[in-house]
Structure formats: structure tokens, C-alpha cells
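Below is one structure; the comments refer to it alone.
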Amino acid sequence: MSNHTQSPGPNSPNAQLEVHPGWVRSGQDNAPGQKAYYINLEAKPGKGDKVEQFLRDILAGVEQELGTGPWFGTRFSDTTFGIFEAFPDIAARNAHDVGPGGQNFLRSAELEEMLASPAHVYRLDVMFGKFSTLFGKKIA
């Protein structure tokens, strides 16, 4: 993996990056309200299956986290993947970071082996959304 610390996505020219082995994080964490992460992952050629399994491992962890959800693992192409995960507040997002889902990002040797650049974790504020329907089905 190169020393490149930004991946494609909404990069502010003044963005402060927290750099960790295998991933970087940007965005603010100082406003109350609902929170989310969007995570961009770019696999090395031929490593897409490994990234897909990595996302499955994260999903198995977030299934145990009461404050995490909705959670989506996405695939844009053979090498470009993403995660969107939402939280009711900062405390739940912080709990996820140290919980069974977020702890997968401590697998730095595996991230180095499968990713073309560090995963980019974007902190987001959820402004509004539609919460009554999921995949065409009404939810309570």
C-alpha cells in the first residue's frame, strides 16, 4: 500500500485526516444529532473477493451492536467498495469504533494486503431520511 492517504470521495481541501494503519478518517464529530460513516475501499486488482469477505466479517460484528444500523456493504465495481452505516448519535458511533464491527479495521496487515490505498472513513451528520421503508417493505 502506498503512503497515499486520500481515496476518491468528498475531500475538503482543508480536511484534517486521522491516519491509522490501513485507513484514514476525516470529518467533524462536534455536532449533536444522528451520525453516519461512509467508508470507501479500493481493492488491489484481483483482491475484490477478499474485500467482500472483509465486509461480511464487519456485518457479522455490527449484527451484535445495538446502536449500529442501518448498515450497508456496497460494491461499485470489481475493485471499488463502500460501507454506509448510521447511528442515533455520537456515542453509538464511538461504541461501534471499539465494538465487534469496527474492530475489523484493526486488521492492518490484511488491509495492506488487499487495498490499493487506505480505506477512507468519512464522518457524516445525518440531516434527514426516509425510515419507514426498507427495500420496498414497510417497517415498523
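The alpha-carbon of Lys50 sits under 14 angstrom from the alpha-carbons of these aspartates and glutamates, leaving out residues fewer than 8 places away in its chain: Glu42, Asp78, Glu110, Glu112, Glu113.
Note on the stretch 72-131: the alpha carbon radius of gyration divided by the globular reference 2.2 N^0.38 Å gives 1.28.
Accessible surface of the stretch 3-140, 1.4 Å probe: 58 percent of it comes from carbon and sulfur atoms.
What residue among Gly82, Gln16, Gln103 has its Cα farthest toward the positive end of the dipole of the chain, where the charges are +1 on Lys, Arg and -1 on Asp, Glu, each on the Cβ? Result: Gly82, furthest along the dipole toward the positive end. Normalised per residue, the accessible area of the chain is 58 Å², obtained with a 1.4 Å probe and no contribution from ligands, DNA or RNA.
Considering only Leu55, Leu111, Leu66, give the residue with the highest GNM mean-square fluctuation for the chain, with springs between Cα atoms whenever their separation is below 10 Å. Ranking Leu55, Leu111, Leu66 by mean-square fluctuation puts Leu66 first.
Only lysines eight or more places from Lys44 in sequence, or on another chain, were considered; those with a Cα closer than 30 Å are Lys35.
Per the Kirkwood formula applied to alpha carbons, the chain shows a radius of gyration over Rh ratio, Rg over Rh, of 0.96. Charge tally for Gln34 (other residues, Cβ to Cβ under 14 Å; Lys, Arg +1; Asp, Glu -1): 0.
The values are calculated or read from the model by the stated rules, or taken from the named source; none is laboratory data. Model, not experiment: these values are computed from the prediction. Using ideal geometry, Cβ is built from the backbone for each residue, glycine included, and neighbour counts are taken over all protein chains shown. Note: accessible area is taken over every heavy atom of the protein model, side chains too, but ligands, DNA and RNA are not part of it. Shrake-Rupley method; radii C 1.70, N 1.55, O 1.52, S 1.80 Å.
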